[in-house]
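Asker: Take a look at the following structure, please.
The values are calculated or read from the model by the stated rules, or taken from the named source; none is laboratory data. None of these values were measured; they are calculated from a predicted model. For neighbour counting, all protein chains shown are included, and Cβ atoms are generated from backbone atoms with ideal geometry for every residue, glycine included.
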Amino acid sequence: MLSPKKKITKKEIKKDPLISTLDNTTAFYYEHKKNISYAITALIIIVVGIVVYTNNRRANNEKAASELGKVFSIYDLGANDSRQYKTAIDGQPDRGVMGLKAIVDNYGSTESGELARFYLATAYLNLGQYDNALKYFDSFSSSSDFLKAAAYAGLGQCYETKNEYVKAAEYFERAAGVSSSTAMTPEYLNSAARCYGTAGEKEKAVTLLKRLKKEFPTSTFARDADRYISQFSA
């Protein structure tokens, strides 16, 4: 025979841990309702902001890439006609071509904008506008070791033309340190050695030339290394 069900009193209900926890949570919510609402609203704003920022950044990167594609054909002509570098910098607004400087100014925080910054610095370098080249090489950022090294080498070239040979050598050496291209590393080492030698830092120059000979014995720069080692060791 089944026993009669025991009636649960209100007092016993209040003692139940689950009920107590629920009561406490409910009480906490109503006590801090305004602050919780603010926190939830702030979280929503942050999430929406991140989504909007990401979408805008993607759109800006695509726009920068499109504009860079238009102006690059002009930049490329600079190898045979240096005046084209200035056109690439300024663009051709009447033809709907945004210049490298405008791309950097408008989309410099994007990946394609950074690439435009590198070409802008190089264009200034080729025009002999070394202070402008220094400014844009110095602010350039990339995840590509090849481009990082090229930017360091660009800084080295700028400082060499300004007769700041030690600083130039340091940047060429940094370029050699991050270069993932064995084709360019010997040139960077040779340039660093040349600048150190010109600055009177002959021991550093000899050390780099010996490294050049050892690590890149078949490079064109290694062929002349012994001559310069003898010159700097005298």
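Asker: Between a residue in region 152-170 that is acidic (Asp, Glu) and any residue that is surrounded by 23 or more Cβ atoms within 10 Å (Cβ to Cβ), which pairs come within a Cβ distance under 6 Å, given they are 6 or more apart or on different chains?
Answerer: Listed by first residue and then by second, the contacts come to GLU160/ALA168; GLU160/CYS195.
Asker: Restricting the first residue to region 177-204 and requiring it to be polar (S, T, N, Q), which pairs with a second residue that is modelled with pLDDT of 95 or more and surrounded by fewer than 17 Cβ atoms within 10 Å (Cβ to Cβ) meet a Cβ separation below 9 Å and a spacing of at least six or different chains?
Answerer: If the second residue must be modelled with pLDDT of 95 or more and surrounded by fewer than 17 Cβ atoms within 10 Å (Cβ to Cβ), the pairs left are THR198/ASN163.
For every residue, the table says whether it meets (1) touching an Asp or Glu at 6+ places or on another chain (Cβ under 9 Å); (2) within 22 Å of ALA225 (Cβ to Cβ); (3) of a type in the set (Lys, Arg).
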residue: ASN126; (1), (2), (3): no, no, no
residue: PHE137; (1), (2), (3): no, no, no
residue: ASN163; (1), (2), (3): no, no, no
residue: VAL166; (1), (2), (3): yes, yes, no
residue: GLU173; (1), (2), (3): no, yes, no
residue: PRO186; (1), (2), (3): yes, yes, no
residue: GLY197; (1), (2), (3): no, yes, no
residue: GLY200; (1), (2), (3): no, yes, no
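Asker: I would also like to ask the following. Return yes when TYR136 is touching a Lys or Arg at 6+ places or on another chain (Cβ under 9 Å), at pLDDT below 95 and not small (Gly, Ala, Ser) and no when it is not.
Answerer: Here the answer is no, as TYR136 does not meet what is asked.
Asker: Could you list, in sequence order, all residues of region 156-184 that are surrounded by fewer than 17 Cβ atoms within 10 Å (Cβ to Cβ), more than 17 Å from ALA133 (Cβ to Cβ), touching a helix residue (DSSP H, G or I) at 6+ places or on another chain (Cβ under 8 Å) and among the hydroxyl-bearing types (Ser, Thr, Tyr)?
Answerer: Of everything in region 156-184, those that are surrounded by fewer than 17 Cβ atoms within 10 Å (Cβ to Cβ), more than 17 Å from ALA133 (Cβ to Cβ), touching a helix residue (DSSP H, G or I) at 6+ places or on another chain (Cβ under 8 Å) and among the hydroxyl-bearing types (Ser, Thr, Tyr) turn out to be SER180, SER181.
Asker: Limited to region 141-163, what total is found for residues that are closer than 17 Å to TYR124 by Cβ and of a type in the set (Asp, Glu)? Step through it out loud before you land on a result.
Answerer: Step one: filter region 141-163 for residues closer than 17 Å to TYR124 by Cβ, giving 147, 150-162.
Now drop any that are not of a type in the set (Asp, Glu), which leaves 160.
Summing the residues that are closer than 17 Å to TYR124 by Cβ and of a type in the set (Asp, Glu) in region 141-163 gives 1.
Asker: Could you give every pair whose Cβ atoms fall below 6 Å, whose first residue belongs to region 68-87 and is surrounded by 11 or more Cβ atoms within 10 Å (Cβ to Cβ), and whose second residue is of a type outside the set (Gly, Ala, Ser) and not in a helix (DSSP H, G or I), counting only separations of at least 6 or pairs across chains?
Answerer: LYS70/VAL97; VAL71/VAL97; TYR85/LEU127
Asker: Of the residues PHE172, PHE146, which single one is modelled with pLDDT of 95 or more and in contact with a Ser or Thr (Cβ under 6 Å, 6 or more places away or on another chain)?
Answerer: Of PHE172, PHE146, the one residue that is modelled with pLDDT of 95 or more and in contact with a Ser or Thr (Cβ under 6 Å, 6 or more places away or on another chain) is PHE172.
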